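This report refers to the structure that appears directly beneath it.
Values quoted throughout were computed directly from the atomic coordinates according to the rules given, and no laboratory measurement underlies them. From a predicted model like this one, the values you see are computed outputs, not experimental measurements. Neighbour counts run over all protein chains shown; Cβ positions are idealised from the backbone, glycine included.
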Amino acid sequence: MNEPVGYRNDLDAESQNPNDQGFEKMISGMYLGDIVRRVIHRILLESDIFGPVSSKLSAQFVLRYALP
């Protein structure tokens, strides 16, 4: 995976509107939580420091980001 392009492409392909609103997906609060989830999930999969990976991290949009 070529970061951050790989994360962006995966998010775009799995979104409700693939190949549309690419810039919004990189900066919007709706998508930031899922980008962070993908990065954390990959770190946990590639490292044994933190123990087993929670299956909850495999679910899209499980992390939410909202501006106060």
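Can you pull out every residue in the stretch 5-29 that is touching a helix residue (DSSP H, G or I) at 6+ places or on another chain (Cβ under 8 Å) and surrounded by 11 or more Cβ atoms within 10 Å (Cβ to Cβ)? Give the derivation first.
Pass one, the stretch 5-29, residues touching a helix residue (DSSP H, G or I) at 6+ places or on another chain (Cβ under 8 Å): 7-8, 10-12, 15, 18-19, 22, 24-26.
Across the stretch 5-29, the qualifying residues are 7, 8, 10, 11, 12, 15, 18, 22, 24, 25, 26.
State which residue pairs qualify: first residue under 10 Å from residue 34 (Cβ atoms) and inside the stretch 6-24, second residue among the β-branched types (Val, Ile, Thr) in any location, beta carbons under 8 Å apart, and separation of 6 or more residues or different chains.
Cβ pairs passing all conditions: 7/35; 7/39; 11/35.
Report yes if residue 63 is in a loop (DSSP other than H, G, I, E, B) and surrounded by 13 or more Cβ atoms within 10 Å (Cβ to Cβ), otherwise no.
Working: in a loop (DSSP other than H, G, I, E, B): yes; surrounded by 13 or more Cβ atoms within 10 Å (Cβ to Cβ): yes.
Judged against the criteria, residue 63 is a match.
Restricting the stretch 30-43 to residues that are aliphatic (A, V, I, L, M) and closer than 11 Å to residue 57 by Cβ, which is surrounded by the most Cβ atoms within 10 Å (Cβ to Cβ)?
At the first step, the residues of the stretch 30-43 found to be aliphatic (A, V, I, L, M) are 30, 32, 35-36, 39-40, 43.
The next check asks that each one be closer than 11 Å to residue 57 by Cβ; those that pass are 36, 39-40, 43.
Working: 36: 13, 39: 13, 40: 15, 43: 12.
This residue is 40.
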